[in-house]
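The values are calculated or read from the model by the stated rules, or taken from the named source; none is laboratory data. None of the values given here were measured: they were computed from a predicted structure. Neighbour counts are summed over all protein chains in view; Cβ atoms, including those assigned to glycine, are modelled from backbone coordinates with ideal geometry.
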Amino acid sequence: MKYYMGMDHGTTAVSFQVIDENREHVAHFKLNRDKLSNNDINFEDTLTEYIDPEKIKLLAMTYAMGDSIKYITPIEKVKHKGILSINGAGKVTGGGSKVYDEIVSLNIPSILIPGLHRNTECLDKRFRASYSHCASSEKVSLSYYAYQKTGWKNMIIADISSNTVCILVEDGKIRGAMDACIGAMGFIHGPIDLGMIRDIDEGRKTANECFSHAGISKIANINSKVNNVKNDLIKKAENHDEDALLAIDSLVMSVVMEIYGLYGIMENDIDGIILTGSGGCMTKPVNISSMIKEKVEKIAPVQVLTPKSGALGSSYIAYDIIENNKEEIMGIKVIK
């Protein structure tokens, strides 16, 4: 038996999906970032609980912004972990970097998926001209999973969790995306507004500190550790806390605005809208998924996927590059 793996480098955890040579599910596991940084857990020990690492044919990785590469690239050809800088990327724990180094030391055949940025050739030239960065690399993976799952070539994907990023896909290629620092709010991250600009200029906070507290947690007055923010906010909402309920309504508002914005610039007829991420898929105890769906289903059919979309998509990318000799994923070239 041979295996294919996918990695989702998320804000609170690094997630992995393992599938077999028949593209069937084998395992899914998460490594908490704080526990990784404290050496409480590691990648190798967890992986060997499920499979023999030597039977992995290919691992498709995502890491941070992915902004110094523009193609899907073998890891041995990548410098500086595929990023220009770790600055401005939210809270840095070092956990993700440790996983990256472990994978390299284990000599697992691996490829690195790029983020969506100014040098990404499949993006509409207006996005490339307007924004230095549009989305981290796991957004490529979840877009591929959405495409494989639905067959929709023209869609808008809303990935809602610690941050929110909406992606525009036309003709089966990623044409644009709105990054968390310029678009809709997530639970933790969000766009920097005028008050935050003043805080930065007057030296009260750094830009990264503002970005890391610009999500709806600011509305709900939650200052928990990153891993606890979402759960603490939802608990307050369950208890009918007015600030928490307003925070969720504001999240829905900002996501709906972003979806409508991307819809407004589409050149093709839209096939559907995808909701994913822990927020986009949430039905209990707060039905965020239905709140968004109710507002946008007049545009097109809405399909709710799984919070595992990023890791699943990465595993599908690994599989298709080897088994189906794919040379392009969502408009992004594969370097062999």
Leu168 meets each of (1) outside the structural domain of Met282 (by TED's automatic domain parsing); (2) touching a strand residue (DSSP E or B) at 6+ places or on another chain (Cβ under 9 Å); (3) aliphatic (A, V, I, L, M) with one exception, condition (1)
* Asked: Any chance the stretch 133-148 includes a residue that's in the same structural domain as Ser278 (by TED's automatic domain parsing) and crowded, with 20+ Cβ neighbours inside 10 Å?
  -> no
Those strands (runs of 3 or more DSSP E) completely within the stretch 126-214 that have 2 or more residues that are within 23 Å of Phe16 (Cβ to Cβ) are 155-160, 164-170
If you go through the stretch 285-297 one residue at a time, do you hit one that is surrounded by fewer than 17 Cβ atoms within 10 Å (Cβ to Cβ), of a type in the set (Asp, Glu) and in a loop (DSSP other than H, G, I, E, B)?
yes
Result of the Cβ filter at 8 Å on the stretch 263-282, keeping first residues that are under 25 Å from Phe187 (Cα atoms) and partners that are part of a loop (DSSP other than H, G, I, E, B) and of a type in the set (Asp, Glu), at least 6 apart or interchain, is Ile273/Glu297
Per the list (1) in contact (Cβ under 8 Å) with a residue 12 or more places away in the chain; (2) in contact with a helix residue (DSSP H, G or I) (Cβ under 7 Å, 6 or more places away or on another chain); (3) surrounded by fewer than 24 Cβ atoms within 10 Å (Cβ to Cβ), residue check on Thr164 breaks on (3)
Scanning the stretch 59-82 residue by residue, the ones that are in a loop (DSSP other than H, G, I, E, B), within 27 Å of Arg23 (Cβ to Cβ) and touching a strand residue (DSSP E or B) at 6+ places or on another chain (Cβ under 6 Å) total 4
Reported set for the stretch 20-70 where residues are under 24 Å from Ala180 (Cα atoms) and without any contact (Cβ under 8 Å) to a residue 24 or more places away in the chain is Lys30, Ser68
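One line per residue, one yes/no per condition, for (1) surrounded by fewer than 22 Cβ atoms within 10 Å (Cβ to Cβ); (2) part of a strand (DSSP E or B); (3) out of contact with any Gly (no Cβ under 8 Å at 6 or more places or on another chain):
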position	(1), (2), (3)
Tyr4	no, yes, yes
Asp8	no, yes, no
Phe16	no, yes, no
His28	yes, yes, yes
Asp40	yes, no, yes
Glu44	yes, no, yes
Ile51	yes, no, yes
